[in-house]
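Structure first, commentary second.
What follows draws every value from the coordinates through simple rules; no lab data is involved. Treat the numbers as computed from the prediction; the structure is a model and nothing was measured. Using ideal geometry, Cβ is built from the backbone for each residue, glycine included, and neighbour counts are taken over all protein chains shown.
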Amino acid sequence: MNKRKFFLKMITSSLMRRRSRMLVALLAIAVGATILSGLVTIYYDVPRQMGAQFRNYGANMIFVSSSGDAEFTPEAAERAVAGIDASELVGYAPYRYETVLIHEQPLVAAGTDLAGAKATSPYWYIDGAWPAADGEMLVGNERAELLGLSVGDTVTVIYSTEQDEADEAGVTAEASLDMKVCGILETGGSEEEYIYLSMEDMERLTGNEGKLDLAELSISAPGEKLQSYAERISEAVPEISARLIKRVTESESTVLTKLQALVLLVTIVVLLLTMICVATTMTAVVTERRKEIGLRKALGASDREIIGEFMGEGLLLGGIGGLIGAGLGFAFAQMVSVNVFSSSISFQFWLIPVTILVSVAVTGLACLMPVRSATEVDPALVLKGE
Amino acid sequence: MSLLELNNISKIYGDLKALDNVSLKVDTGEWVAIMGPSGSGKSTLMNIIGCMDKPTSGEVILDGKDIAKESAKNLTAIRRDKIGLIFQQFHLVNYLTAVENVMVSQYYHSIPDEKEALEALARVGLAERARHLPSQLSGGEQQRVCIARALINYPEIVLADEPTGNLDEANENIVLDIFKQLHREGTTLIVVTHDPEVGEVAQRTITLEHGKILRDAKNPGFE
């Protein structure tokens, strides 16, 4: 048997045959490693999870015309959208606003891609149903109350160029569509003042195509990336100005920063507590084994060999605890993610070696003081017949 | 030339003179018993001979070299290479088997060799008990493991501290028989003991009192 094998034999026998004491240290390391692995998993997954949560609060980017009040074309908007990573694009809703008449009352109608509006504005509450066919529309709650409309009613929506733009000869034209109210929109915000119909119905009503006033986008990406998207789009599609809705993006990044700082702080505190627990256990182990240390020194062990043996035991414990913690940490992170964010988390394989290395390092640090005291044991201790 | 030579060594702790100008010589192959009441300086003398302590003054010449002023690190190396220790309390590592306990001594000295360790155990009559833990061995068996461990690296001096102090008569006789065998083979033995019977079987008995040598005489009954 060579020296290395016998060294391993000694430290594994020490751990295996003195289980109760070592289990305490192993438990402390495993708990520390679990928290470390779990919280780091959450730390890295929180932006994704929180990003998804924040998408519930509506669009975080809008496209407007780069030349003031003018409009822009759907083709330009599509070119701009093409620059955004499809996996990050939660929703895209182009809007065209026109003034129409219902029951001789003027109001603003918004033509949009209703599926896109549903994706960018998941907080909209619809009393009734989303429009599923041509000739169906949503009416804002405030407008519905003013006009006395309710779900299932059919009304005539009139669009007149007089209200908007008369042709060159000064002739006014009037178009109308019979639309069915399929849902009342409740948001508590300005959206309740509008009616919403599909872009196709809007174009049929107004008779002209190819112009947009605004587009809303919901993108699941961190603040810096959103900013870079906005800059790239404004540059690549000059007729469009992409702007961030700072109220959303800034609160998202503030919450994320604070949450990540909290996670980091908790991790550091837990690692410190683990270190204290391991140091205490190892101190007790050294005290308990003073005679054995004295014997080893009496048999000719150098201080370096004594340090090597105790550190070996500590580091082996650290490695085993780290391995256990890496697995349990994922389970912990998964549990937190499912309960808090209602979605599962992806396993980060790189966390296994990192958790083991950190556990070994923390255990090594914790062992420094007790192991140092082990070298101070007097070998003559074993000769005193105590 | 003597294997071990102590010249005028003293050890002083504050006002207490644990050893007072002690001189003695031990030749290779000699079997010496060091006796004396508690506080006579036996343990201090043993610590100095065992390279676990240094005298306040005087020379300790082991194998022709004065080791009295050596550093603790060098003393560890000398102890590892030249001294075999046998303890009253046996001091076996409780989580290692008998043969592994013998191999610990090899591990610090050179390279663990299981075959050689098993032969050493066979020499003290414990071949069958080699895979047992200390808790599964009797006191006498544990002391024999301790003796096998002390002998495994072929030390120049075997130093025994009350080797029969925790043994019954039957086991005491077994241990003394092993010592006789070792002496016949030429091993240098220094045994510290309270027990007159153990002192009498040695070739020579040195009696200490108040840190001084009271008597140093050959045992007339030595076989």
Open item on the list: Just want the answer: with Cβ charges of +1 for Lys and Arg and -1 for Asp and Glu, which residue in B:Q106, B:G14, B:Q181 is farthest toward the dipole's positive end in chain B?
Closed with: B:G14
Task: Per-residue [θ]222 nm for chain A (sum of -39500 (n - 2.57) over DSSP H runs n ≥ 4, rounded to 500) - done: -18500 deg cm²/dmol
- [ ] With label points built 7 Å along Cα→Cβ from the Cα atoms of A:V266 and B:E128, find their separation and express it in nm.
- [x] 6.2 nm
Task: Nearest-0.05 FRET efficiency for A:M369 and B:Q181, computed from C-beta distance (R0 60 Å) - done: 0.80
TODO: Take each uninterrupted DSSP H stretch in chain A, measure its Cα extent along the helix axis, and return the ones at 18 Å or beyond whose mean Kyte-Doolittle hydropathy is at least 0.0.
DONE: A:19-54, A:246-288, A:303-336, A:351-375
Task: Hz values of 3J(HN,Hα) by residue in the stretch B:132-142 - Karplus curve (6.51, -1.76, 1.60), Gly and Pro given as x - done: 8, 7, x, 5, 9, 10, 6, x, x, 5, 4
Open item on the list: Could you check the spin-label model distance between A:L273 and A:R17? Points 7 Å from the Cα along Cα→Cβ, value in nm.
Closed with: 3.5 nm
- [ ] Could you work out the local net charge near A:I306, counting Lys and Arg as +1, Asp and Glu as -1, over the other residues with Cβ closer than 14 Å to its Cβ?
- [x] +2
- [ ] Before anything else, pin down the relative contact order of chain A: Cα pairs under 8 Å, at least 6 apart, normalised by residue count, whole percent.
- [x] 29 percent
Task: the stretch A:60-244 - percent relative contact order, Cα under 8 Å, separation 6 or more - done: 39 percent
- [ ] State the extension gain, in nm to one decimal, for the chain segment bounded by A:E200 and A:Y123, taking 0.36 nm per residue of separation less the distance between their alpha-carbons.
- [x] 25.3 nm
TODO: Determine which lysines satisfy two conditions relative to A:K225: a Cα distance under 22 Å, and not lying fewer than 8 residues away in the same chain.
DONE: A:K246, A:K258
TODO: Quantify how strongly other chains surround peptide B:89-102 by giving the mean number of their Cβ atoms within 10 Å of each of its Cβ atoms.
DONE: 4
- [ ] Kindly state, to the nearest 0.05, the FRET efficiency for A:T280 paired with A:K9, given R0 = 30 Å and r defined as their beta-carbon distance.
- [x] 0.65
TODO: Search the structure for amide H atoms under 5 Å from the amide H of B:L3, placed 1.01 Å from N in the peptide plane, and list their residues when 5 or more places away or on another chain.
DONE: B:V26, B:D27, B:T28
- [ ] Would you tell me the mean number of C-beta atoms belonging to other protein chains that fall within 10 Å of each C-beta in B:105-118, as a whole number?
- [x] 4
TODO: Sequence neighbours fewer than 8 away in the same chain don't count; with that in mind, list the aspartates and glutamates whose C-alpha is under 12 Å from B:K17.
DONE: B:E209
Task: Neighbouring partner chain Cβ atoms per residue of B:47-56, average, 10 Å criterion - done: 3
Open item on the list: With 10 angstrom as the radius, rank A:I324, A:I42 by how many other C-beta atoms surround their C-beta, starting from the fewest.
Closed with: A:I324, A:I42
Open item on the list: Going by average Cβ density within 10 Å per residue, which order do the peptides A:254-262, B:154-162 take, highest to lowest?
Closed with: B:154-162, A:254-262
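When the helices in chain B are scored as -39500 (n - 2.57) per DSSP H run of 4 or longer and the sum is shared across all residues, what 222 nm value do you end up with, to the nearest 500 deg cm²/dmol?
-10500 deg cm²/dmol
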Task: Net length gained if the chain between A:S346 and A:D85 were fully extended (0.36 nm per residue, minus Cα distance) - done: 91.9 nm
Task: For B:K212, residues with placed amide H under 5 Å, excluding near neighbours - done: B:D20
Task: Modelled FRET efficiency - R0 25 Å, A:T99 with A:N56, Cβ distances, 0.05 increments - done: 0.20
TODO: Select from B:N171, B:N21, B:N74 the residue whose mean-square fluctuation is largest in a Gaussian network model of chain B (Cα-Cα springs shorter than 10 Å).
DONE: B:N74
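Just order A:30-40, A:100-110 by mean Cβ neighbour count inside 10 Å, highest at the front, would you?
A:30-40, A:100-110
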Task: Amide hydrogen neighbours beyond the local backbone of A:N60, cut-off 5 Å, H modeled - done: A:L217, A:S218, A:I219
- [ ] Rank A:V139, A:V24, A:V362 by mean-square fluctuation in a GNM of chain A with C-alpha springs under 10 angstrom and give only the top-ranked residue.
- [x] A:V24
Open item on the list: Can you compute the modelled spin-label distance between A:E235 and A:A115, with each label point 7 Å from Cα toward Cβ, in nm?
Closed with: 3.3 nm
